[in-house]
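Scroll down for the structure; my scribbles are underneath it.
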Amino acid sequence: MDTGLTTIDEKDIARHLPTAQSMVTKLVLLEASDGKSRTELAGTRRRFVSTVSTAGAKSSREVELANTLSAISPDDGMLSPVQHAILFKTRRAIAVALAVSDEFAKQTGLDSLRTKNAASTLEGEDATRYRALLESSAFVSAFAASAYLHQKVEAAGEPANDVEEPGFNFDTPQDALKALVGALDAAASGSPDDTVLQSRIRACADVALEGLLQRKGRFSQLGPFETTHLRLEADDFELNGFDVTPGAKTKPLVMTFKKPDEIIGNHIAKYQSMKLAKMLMAYDFDRQLNPFVELGGFLFTFIGDGSPGTGKTILIQMIAGLINDYCQTAGYGFTYENFGVDQISSYQGKSGQNCKQFINNVLNPKTIGFGTVDDIDQVAAKRSDDRASAGQQEVTAVLMESFAGATTVVRGNCSFGMFSNYPENVDDALRQRAGARWLVDGPQTRDDYIDIFALLAGKNHDIPLGDHDLFSAQEIKAAVSTAYDKHNKPQEEGLLRVHERFAKDNKLKTMADVGTYLHMIKLAEPRFTGRAIKNITDAIKMRAMDVELPDEWFERPEDFMHKSYDEKKAMIEELRGPFTLEMVMQEINRYADSEFRYTDKSDSAAVEDIIRRERQREKAVKEIATMKSDGRWSE
């Protein structure tokens, strides 16, 4: 897959400015007749519809976008700033789109076929391929122009809903762009003011993109464009295949950030959170790739579970705070979004759209992103749960496809965290798409509880500390080492029995021994599938990349964050070491413990439900007997 980024040169755009200028000034558009009169009924935007069918007939129409915009304020001989901006951006969009289609022609060999066709008419396979490539080039140019307007025209006021989709002609890139200009002209026509004009132009670009993406499957030569990344620095415009980057500007992040020393306990989760924040900052915006993705160990998705009040929210605030600080130092954009129950809609399909928009906003390769789904057991439903709403089922489907679907591309610029008090209520397939499991169990030891009380109590007192070395138990390296060591043996009873059976006849010395242990776990827990093995190996690679990126690398952007991709990769490679069988056993036990824990919780909940129903039944039987003896029971 090509993950490089191509910069669009201004010289290439300038060559197409005369063509773009002529299109926004005056063009003749041949379009299918829709049977509507060209004259509007007075006081409406409706037109007379003839009772005589004209289906299939075509008519020409002169389009003068500049004059149409000028007619919005006829008393003023000049265009308003908004009108001028629309005209300028439309011309710019056309020129950029033609430059993009030229780039597509170079990638696919269309330019050489075009040269051969100019010398002599192509025949056979060459002619068929030429026709298909030319149509695909027209599609790409229309998409690029629509995406440019989508990103660069800010809608104001109420969104327009009466804008018609362009009647695209994909014979050539110029024909496709003429159809777009014709639709923009129709959208602008009759706008009472500039506010409505902006809304209608933006709506036209949006419906054009929708229509294009629905038609995408009809074009056979779009493959090379899917993995193309084009950027125009002057306009801060970027195309990433057929992903439509949201045009809205991100709002400044408002959140109460927490520092690592404000979290007591949760040592492994805290340690990996700090590593994740630094990992994200290794992302290279030119290559649109993170060295940790290539070298292994990048954490794209994770799930944190624990009882209420153990520190999941404060962990989110810590991660977001660290990333935000690093991004401010480097001058990078930071996108944080949380998907919650308030985005579940009663309208069919809307919940899925909201979730997809959340995913796309965080995935945006132009920023560093962190997305969270808090209380995921309430937001996404088990597919087998017939009591769940349609919206919850939609969210489950979108998250599953986005986190580990056929089209999922991990660039390393963002990470997604799912958090829950009841992870056993999350769909098995979705939960297994979490690459890491963080047990957020809060303070555990006596030292932890002294530390957390001293931290929260503050300094407005004169109570002596007593025999205690304050916060020494929270020193991250020692605490993490202790936390990992406890996973040399399983923590859950079910997995411990498997481990004891394995240890009776085997010792962990070879890859075959590892496979034997994994197979024994599979026999005891059927949900321990191939994806579980992948998540474990990813965690092992992360341990191998368990390098502590020095803090001084992040004090000045030029020391690490602004270096080239190859330089970053080389610096990271120097720090990493091999993983050991001890690490392998610890990561297997950590992951498998979580599966057994979820199963035990689910089974316990089911048992408690059965007991509750039986108690209700017994109580009902007693009350019925009393009612019968009192004569209050009627058969």
What residue, among those in the range 277-307 that are in a loop (DSSP other than H, G, I, E, B) and charged (D, E, K, R), is nearest to Phe237 (Cα to Cα)? Asp286
So for the range 80-99 (the condition being outside any helix (DSSP H, G or I), in contact with a Ser or Thr (Cβ under 9 Å, 6 or more places away or on another chain) and loosely packed, with under 15 Cβ neighbours inside 10 Å), does at least one residue qualify? no
For Gly340, only one of the following conditions fails: (1) buried (at least 21 other Cβ atoms within 10 Å of the Cβ); (2) within 19 Å of the chain's Cα centre (by Cα). What is its number? (1)
Filtering the range 563-585 down to residues that are closer than 16 Å to Phe292 by Cα and touching a residue at least 60 places away in the same chain (Cβ under 8 Å) yields Ser564, Tyr565, Lys568, Lys569, Ile572, Glu573, Arg576
Residues that are modelled with pLDDT under 75, open to solvent by 50 Å² or more (accessible area, probe 1.4 Å) and either in a strand (DSSP E or B) or farther than 25 Å from Asn338 by Cα (or both), drawn from the range 225-265: Asp243
Any residue in the range 395-424 that is touching a residue at least 60 places away in the same chain (Cβ under 8 Å) and of a type in the set (Val, Ile, Thr) sitting within a Cβ distance under 9 Å of a residue that is open to solvent by 30 Å² or more (accessible area, probe 1.4 Å) and assigned to a helix (DSSP H, G or I)? List the pairs, counting only those 6 or more apart or interchain. Val409/Leu363; Val410/Val293
Test result for Ser351, outside any strand (DSSP E or B), over 30 Å from His229 (Cβ atoms) and at pLDDT below 85: no
Within the range 611-626, tally of residues that are acidic (Asp, Glu) and under 47 Å from the mean Cα position of the chain (by Cα): 1
Have a look at His519, His562 and point out the one that is more than 26 Å from Ile368 (Cβ to Cβ), at pLDDT 85 or above and surrounded by fewer than 16 Cβ atoms within 10 Å (Cβ to Cβ). His519
Just checking, does the range 373-381 include any residue being closer than 30 Å to Pro291 by Cα, of a type outside the set (A, V, I, L, M, F, W, C) and part of a loop (DSSP other than H, G, I, E, B)? no
Given (1) open to solvent by 10 Å² or more (accessible area, probe 1.4 Å); (2) out of contact with any helix residue (DSSP H, G or I) (no Cβ under 6 Å at 6 or more places or on another chain); (3) part of a helix (DSSP H, G or I), identify the lone condition not met by Ala147. (1)
So is Leu122 in a loop (DSSP other than H, G, I, E, B) and more than 26 Å from Ile201 (Cβ to Cβ) or not? yes
Tell me, yes or no, whether the range 399-407 has at least one residue that is more than 18 Å from Arg531 (Cβ to Cβ), in contact with a Cys (Cβ under 9 Å, 6 or more places away or on another chain) and crowded, with 22+ Cβ neighbours inside 10 Å. no
Taking the residues in the range 364-378 that are among the polar types (S, T, N, Q) and either surrounded by 21 or more Cβ atoms within 10 Å (Cβ to Cβ) or within 22 Å of Gly241 (Cα to Cα) (or both) as candidates, determine which candidate is nearest to the chain's Cα centre (by Cα). Asn364
Would you pick out the residues in the range 349-363 that are in contact (Cβ under 8 Å) with a residue 40 or more places away in the chain, under 8 Å from the mean Cα position of the chain (by Cα) and under 13 Å from Ala380 (Cβ atoms)? Ile359
Quick test of your reading of the structure: Thr335 fulfils all but one of (1) open to solvent by less than 30 Å² (accessible area, probe 1.4 Å); (2) more than 18 Å from Phe257 (Cα to Cα). Name the failing condition by number. (2)
Filter the range 596-621 down to the residues that are at pLDDT 75 or above and under 22 Å from Phe419 (Cα atoms) and list them by number. Phe596
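The values are calculated or read from the model by the stated rules, or taken from the named source; none is laboratory data. This structure is a prediction, so every number in the text was calculated from the model and none was measured. Because the Cβ atoms are built from the backbone with ideal geometry, glycine has one as well, and the counts that use them run over all protein chains shown. Ligands, DNA and RNA are excluded from the accessible area calculation, which covers all protein heavy atoms including side chains. Shrake-Rupley method; radii C 1.70, N 1.55, O 1.52, S 1.80 Å.
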